[in-house]
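The values are calculated or read from the model by the stated rules, or taken from the named source; none is laboratory data. Fair warning: this is a prediction, and the values are worked out from it, not measured in the lab. Please note: Cβ atoms are built from the backbone with ideal geometry, for glycine as well, and neighbour counts cover all protein chains shown. For the accessible areas, the whole protein counts, side chains as well, though only heavy atoms, and no ligand, DNA or RNA atoms are used. Shrake-Rupley method; radii C 1.70, N 1.55, O 1.52, S 1.80 Å.
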Amino acid sequence: MSTRRQAITLYRNLLRESEKLPSYNFRMYAVRKIRDTFRANKMINDFKEIDRQVANAKQSLELIRRQVIIGHLYTAEKLVIEQKKTLRPSDD
């Protein structure tokens with residue numbers, strides 16, 4: 001697999017797994033961190049550095065997967081910001 005395709009696949013997997021985090025704050029932090037890190041490393045041309053960053057991303061993916069499992073073991077109430085809005089008939 002090409003390095004570019006591998007990086008894109010890893011990026012998508014990281015975002016998918018981070019969306020599974022039950023805690024809103026952890027979920028938003030993970031998504032923001034993933035995007036910022038990939039943007040910052042977009043212009044790297046050294047293959048050794050790319051391999052190092054890919055290995056680091058794979059470790060982060062495994063960490064997120066473990067956190068998802070742990071987070072689902074100890075669930076808490078959703079925050080107000082996470083509640084889906086429902087349309088109520090007006091009381092006119």
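Could you list all residues from segment 1-13 that are assigned to a helix (DSSP H, G or I) and not aromatic (Phe, Trp, Tyr)? Steps first, please.
Our first condition is that a residue be assigned to a helix (DSSP H, G or I); within segment 1-13, this holds for 3-13.
Once the filter is applied, which keeps residues that are assigned to a helix (DSSP H, G or I) and not aromatic (Phe, Trp, Tyr), segment 1-13 yields Thr3, Arg4, Arg5, Gln6, Ala7, Ile8, Thr9, Leu10, Arg12, Asn13.
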- If you go through segment 14-34 one residue at a time, how many are in contact with a helix residue (DSSP H, G or I) (Cβ under 8 Å, 6 or more places away or on another chain), open to solvent by less than 100 Å² (accessible area, probe 1.4 Å) and not in a loop (DSSP other than H, G, I, E, B)? 9
- Message: Just to verify a result, which residue in segment 39-54, among those that are assigned to a loop (DSSP other than H, G, I, E, B) and closer than 17 Å to Thr9 by Cα, is least open to solvent (accessible area, probe 1.4 Å)?
- Response: Asn41
- Can you tell me how many residues in segment 29-61 are free of Cβ contacts under 8 Å to residues at least 12 places away in the same chain and over 22 Å from Arg4 (Cβ atoms)? 2
- So Tyr11, is it out of contact with any Asp or Glu (no Cβ under 6 Å at 6 or more places or on another chain) and open to solvent by 100 Å² or more (accessible area, probe 1.4 Å): no
- Out of Ala76, Ala57, which single residue is under 14 Å from the mean Cα position of the chain (by Cα) and either surrounded by 15 or more Cβ atoms within 10 Å (Cβ to Cβ) or modelled with pLDDT under 95 (or both)? Ala57
- Query: Which number in (1) modelled with pLDDT under 80; (2) open to solvent by less than 100 Å² (accessible area, probe 1.4 Å) marks the one condition that Lys85 misses?
  - Reply: (2)
- Note on the structure: Checked pairs for segment 12-27, first closer than 13 Å to Ile69 by Cα, second acidic (Asp, Glu) and exposed (fewer than 15 other Cβ atoms within 10 Å of the Cβ), C-beta under 6 Å and 6 or more apart or across chains, list as none
